[in-house]
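Notes for the one structure printed next.
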Amino acid sequence: MRATLDGVAETLLWTLRNRAEEAKHPGSAFCDPWSVRLYEAIAYDYAQFGKLSQSHALRAAALDWQIRAYLDDHPRATVVALGEGLQTTYWRMGSPDVPWLSIDLPPVHQLRGQLLPTAPRVEAVATSALDRSWMDRVDPVHGTFISAEGLFMYFDRDDVISLIADCASRFPGGRLFFDSIPAWFSTRTLKGLRLSDRYTAPPMPFSLSVTQASRLPGQIPGVVAATDVRLPAGRGLWASRTLTALANLPPLRDYRPSITLLTFRD
């Protein structure tokens with residue numbers, strides 16, 4: 001089948017390609033059979049996204065680990081996937097009893113509905129993550145884990161901070177997983193970042209460094225901790241302990257993409 005997406009929505013095919021190609025690699029530890037199925041089912045010019053990267057698969061693996069850790073302590077919690085795109089986290093979890101709320105725009109959910117199997121515990125909500133109406137569908141009593149994978153960088157800063165504050169207020173004891181880009185990379189996208197001669201990435205106005213993320217608990221009411229989540233080891237340079245150590249040294253760490261896990265006050 002063909003996918004007709006544009007703008008930010010089209011980037012879900014970029015991340016899908018990178019996850020699927022990594023899952024197919026014989027030397028990879030990343031297992032994501034549903035991403036491979038989706039990737040092979042959609043007729044699309046994936047080559048326009050330029051070079052392959054392990055980063056999206058490693059980010060997905062980091063998210064898997066954080067969700068499992070939270071569910072170990074809160075087995076009846078609800079997982080909310082903001083801007084879920086064609087992520088297949090639910091199926092990698094292997095936990096069909098977990099209440100799962102999938103938030104994304106109508107064209108994306110239409111595509112998901114055509115490609116992914118139905119699951120009784122997965123509820124699709126066709127709206128923007130910034131539309132707070134999705135919050136009314138979540139019962140926070142048993143815990144809430146919210147993911148915003150590959151999403152916040154496309155929002156304005158005020159919208160991101162406001163959304164985090166509302167999540168902290170509505171979901172006590174919950175956690176929020178999101179990734180960020182450094183300021184220099186955000187600036188490049190605002191000037192037009194070409195991944196190939198046929199594709200320019202959408203603008204990404206929101207940036208956040210590791211140091212800036214560490215200050216969020218003192219800036220947003222209800223946020224009590226901010227953890228810098230490290231990517232699992234990948235292949236080749238992505239497995240280098242030396243490069244990993246350098247990337248985590250201040251101030252170098254503020255020049256790399258980052259993943260943050262926020263903890264909300266009980």
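The values are calculated or read from the model by the stated rules, or taken from the named source; none is laboratory data. Keep in mind it's a predicted model, so treat the numbers as computed, not measured. Here the Cβ is made from the backbone with ideal geometry for all residues, glycine too, and neighbour counts use every protein chain on show. Just so you know, the surface numbers come from the protein's heavy atoms only, side chains and all, with ligands and any DNA or RNA stripped out. Shrake-Rupley method; radii C 1.70, N 1.55, O 1.52, S 1.80 Å.
Tabulated data
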item	result
Hits in the range 98-137 (condition: under 19 Å from the mean Cα position of the chain (by Cα) and in a loop (DSSP other than H, G, I, E, B))	Val98, Pro99, Leu105, Leu116, Thr127, Ser128, Ala129, Leu130, Asp131
Those residues of the range 161-178 which are in contact with a helix residue (DSSP H, G or I) (Cβ under 7 Å, 6 or more places away or on another chain) and buried (at least 22 other Cβ atoms within 10 Å of the Cβ), in sequence order	Phe171, Gly174, Arg175, Leu176, Phe177, Phe178
Of residues in the range 140-156 being in a strand (DSSP E or B) and among the hydroxyl-bearing types (Ser, Thr, Tyr), the one farthest from Pro99 (Cα to Cα)	Ser147
Any hit, the range 186-200, residues being in contact (Cβ under 8 Å) with a residue 12 or more places away in the chain and within 16 Å of the chain's Cα centre (by Cα)	no
Tally, over the range 187-215, of residues that are outside any loop (DSSP other than H, G, I, E, B) and either open to solvent by 10 Å² or more (accessible area, probe 1.4 Å) or over 18 Å from Arg256 (Cβ atoms) (or both)	13
The range 34-75: number of residues that are open to solvent by less than 10 Å² (accessible area, probe 1.4 Å), of a type in the set (Gly, Ala, Ser) and touching a Ser or Thr at 6+ places or on another chain (Cβ under 9 Å)	3
